[in-house]
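Notes follow the structure.
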Amino acid sequence: MADSRFFSNAGPFSLARIAEAAKAQSMHSEDASRSFSDVMPIDLAGPEDVSFLDNRKYADKFKVSRAGACIIAPEMVDHAPVGMCLLITPQPYHAYARVASLFYPARQSTGTISPSAVIASDAKIGSHVEIGPGVVIGSRVEIADGCTIAANTVIGDGVCIASNTRIGVNACIANAIIGAETIIHAGVCIGQDGFGFAMGPAGHIKVPQLGRVIIGTNVEIGANTTIDRGTGPDTCIGDGTKIDNLVQIGHNVQIGKNCVIVSQVGISGSTELGDFVILAGQVGIAGHLKIASGTKIAAQSGVMRDISPAQEMGGSPAKPIRVWLKEVAMIERMLKKKGS
Amino acid sequence: MADSRFFSNAGPFSLARIAEAAKAQSMHSEDASRSFSDVMPIDLAGPEDVSFLDNRKYADKFKVSRAGACIIAPEMVDHAPVGMCLLITPQPYHAYARVASLFYPARQSTGTISPSAVIASDAKIGSHVEIGPGVVIGSRVEIADGCTIAANTVIGDGVCIASNTRIGVNACIANAIIGAETIIHAGVCIGQDGFGFAMGPAGHIKVPQLGRVIIGTNVEIGANTTIDRGTGPDTCIGDGTKIDNLVQIGHNVQIGKNCVIVSQVGISGSTELGDFVILAGQVGIAGHLKIASGTKIAAQSGVMRDISPAQEMGGSPAKPIRVWLKEVAMIERMLKKKGS
Amino acid sequence: MADSRFFSNAGPFSLARIAEAAKAQSMHSEDASRSFSDVMPIDLAGPEDVSFLDNRKYADKFKVSRAGACIIAPEMVDHAPVGMCLLITPQPYHAYARVASLFYPARQSTGTISPSAVIASDAKIGSHVEIGPGVVIGSRVEIADGCTIAANTVIGDGVCIASNTRIGVNACIANAIIGAETIIHAGVCIGQDGFGFAMGPAGHIKVPQLGRVIIGTNVEIGANTTIDRGTGPDTCIGDGTKIDNLVQIGHNVQIGKNCVIVSQVGISGSTELGDFVILAGQVGIAGHLKIASGTKIAAQSGVMRDISPAQEMGGSPAKPIRVWLKEVAMIERMLKKKGS
């Protein structure tokens, strides 16, 4: 499936090894030694490929699939084509994610440091760290084992980065403490001044921004996203949170664990999100709000008030999504009635 | 007109040469050898300048213009000042664009490769390619004749770029095949991981993104725009499509030919646009939708459903623009009535 | 308060020096020689710290604060704890901003030029200019005294930058004249082509963009913001204007003095803002509009018409904010009535 110019396939693997990665059970123990060479969508997979069925709307494709092996939920076993190796798990998509990562593991540090990188003499660089061409690493920076810092990225004075974190090309990381196993994509700007001014008719006086950015473990931050440092308190991103491209996170924002923040969202200063909050694309949240754990906010919504308890919200200004959808439908009906 | 510190004027040119570039007809053949030195707006142009009249609201300025030559539609001939050279075409603005490009041609590759660029030994670099300082070019990259790669841009392993394409400063291009005559501006990030996770209460598992980004010929991509690579299928941008700054294009998105996508638009994963689709600023489109060729969507609209056949849409959620505008007006009237 | 890995404290200072910086009056002249070592929020400050009280909702914290000194408005004097040094001013937050800048002054140019910077031989670099590693400076560039150009930033041919301006990491500045004392953050792209095409069914022809970007004095421009150059006229940003992250400013836009433009705002081509205009996050403004000085526009609003005289606006399409809020409330009431 994957273009070998860009992706290198670590396979083939035995079904036993694949089942282990998938945390799934093989239906027939005698299949354990069969070998598979790639992952493929259900309709494209052949006898050498592993596929998966997660969404029931592809059940018809599953029934006629030529895939050699397939990761499925228990209730689909009876619908499998004859001869297909079956890997059984209640969460086929999660299992597929792990199997795909077995065939196409995340790029690891090469452990090489480019001669064109400019690294302060007092920076502490761990073992097996990769530092690309043109990278600039400031004074007293600490980069732990196994990290990758890609080309032309700039790490400001004093920044600490925990192990196995990968930072993309042309990023700027300053005034920040970054956790382990985190991925920061190209063009991300972390730690610049928050937007803080004492405003007045004679002009706006800049207020020094004396806080930091604290990023947890296993976080992902998308390309060209910007995260301002705190004013004195810190801006914090919790473990496991995933942030998409072109997101803006203002000073002092507190984001909990395992949140999902889709592209072009903006979160204003000092707002706090609990855990497992989901913000769809282009959502805007005003400053100094509290958003309860588990809240889900529909795309383009504008949040102007605290949200508690957790609920699904939509609209601008945002309200419970069922209310918003009813309002939309009511207005449509009213217009039709007038038209008649 | 143009500041010579930034723009160099290739003129003067004879009216015959200008008419040829414009694909317009000179009104009086005896003007062919007259020489012109610059392009100028109708109210600022003098006897040495070429101007144009496209929008009828400037007709009064045209009648008293001192421009030596003017590109106009046939029906404006009778309103021209005495002595003005006239270039006749049904599309004066298109003709002006070509004439302005004659006087101020797009910057061409200098053909020089900076000694500070880091270029993999197995990269294939065509003839007359310009590579700026600090550029990093990965393994097996192919860059065809006449391309420009500006300073500090990073081209990832395996990327192919066709002839005469220009890539700006500090861009990041990975996992991509780029067509000819395309312009990619500064800070653009192409080919990073799409936002794909198997989500769950124990945290979100990253799903390997195994597709590419395929960009056509004569495409333009604005500054700091982000285009994620596909999950397995590719993310594709069709020939002639123009994308503005700070746009987000999700994984597997398919954009047709000659679309116009204005700044800060976000297109979610797996959505398909036909040809000549116009998305105004800050539009958001949900995932897995199909938008018919020729559709036009007003600024800030939020598209939640397929659009077919082509129509003008507005609002969030988006609806036919006339319906949306009627709803807006109805609500305004209702509020006034209540106030009375 | 501030992490010494990232911030260095220039103190301690005497109360007399602090009062002078604050432009505030010390309540008791005998306190003038007392020494203070840091700035702190009112509830965290100790005997060695200077704090401030601006928002009355923190008055209770003020009454029991252990701060050694506090900047307050005259009417709060009677509520101060015994023994606290008081600095009196009608604008405590402005005074605090100045005092915080005394303890934590903005980073100044080191005056060092990195050997890995690539600087054109005909560029004019003033005295005490800092140029970071990997910076590229084009032909005929002029950079005045005291400027800082951070690592991997690229300054295009002919750009002029006035004194004491600081440009962050990985920025791209082209076709621009930049004023003094201005701050441009990481990843900013200034001066690229505006989004100008002669559109048509045979494809879109690029129109050369022959103007510049003119930026005033004491401007701040946030990370990854994009500012296109003019089409022939210039794109202009007035003195004292503050622009946040990820903002898009189209070609020919004219922004007055001391405007405040929050993150993810988009301003379309040729629109003119007066002075002291405030645009909250994610606002979109259509092209060719005039927005009066002093106008304030709520987050996510979509402006489709001129705004004059100055007023507060909200909604999409934007209207006077009181009208918009009444409409929102009216629709909520109507839905409830139907539900009953």
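Bear in mind these aren't lab numbers, they're just calculated from the coordinates by the rules spelled out. None of these values were measured; they are calculated from a predicted model. Reconstructed Cβ throughout: ideal geometry from the backbone, glycine too, with neighbour counts over all protein chains shown.
Highest mean packing first, where packing is the average number of other Cβ atoms within 10 Å per residue, the peptides B:293-305, C:275-287, C:321-333, A:309-321 line up as C:275-287, B:293-305, A:309-321, C:321-333.
Distant-in-sequence amide contacts of A:I119, defined by a placed amide H-H separation under 5 Å and a gap of 5 or more residues or a different chain, comprise A:I137. Residues considered: A:V50, A:V213, A:V135. Largest GNM mean-square fluctuation over chain A, using C-alpha springs under 10 Å, is found at A:V50.
Ordered by the number of other Cβ atoms lying within 10 Å of each residue's own Cβ, fewest first, C:L53, C:L44, C:L246 fall into the sequence C:L44, C:L53, C:L246.
Each copy carries C:V82; placing its label point 7 Å along the C-beta direction from Cα gives inter-copy distances of 9.8, 9.8 nm, listed from smallest up. Look at the dipole of the protein assembly as shown built from charges on Cβ: of B:P12, C:F36, A:A292, the Cα furthest out on the positive end belongs to A:A292. The Cα atoms of segment C:278-340 give a gyration tensor whose axes a ≥ b ≥ c have a/c of 1.5 or more with a/b greater than b/c, which makes the shape prolate. In nanometres and ascending order, the distances from the B:M199 label point to those of the other copies are 3.4, 3.4 (point 7 Å from Cα along Cα→Cβ).
For segment A:3-105, the set of trypsin sites (Lys or Arg not before Pro) satisfying both a DSSP loop assignment and a count of at most 15 other C-beta atoms within 10 Å is given as A:K23. Among C:T153, C:T112, C:T182, the largest mean-square fluctuation in a Gaussian network model of chain C, built with springs joining Cα atoms closer than 10 Å, belongs to C:T112.
With a threshold of 21 Å on the Cα-Cα distance, the over-threshold entries among B:K337/C:K326; A:K206/C:K23; B:K61/B:K296; B:K61/B:K242; A:K57/B:K319 are B:K61/B:K296; B:K61/B:K242; A:K57/B:K319.
Each other copy places its own label point for A:S29 at 9.7, 9.7 nm from this one, sorted shortest first, where the point lies 7 Å along the Cα-to-beta carbon line. Going from the fewest other Cβ atoms within 10 Å to the most, the residues A:T225, A:T217 appear in the order A:T217, A:T225. Sorted fewest first by neighbouring Cβ atoms within 10 angstrom, C:H28, A:H128 come out as C:H28, A:H128.
Taking a Cβ cut-off of under 15 Å around C:I167, the surrounding Lys, Arg, Asp and Glu residues balance to a net charge of -4, with basic ones at +1 and acidic ones at -1.
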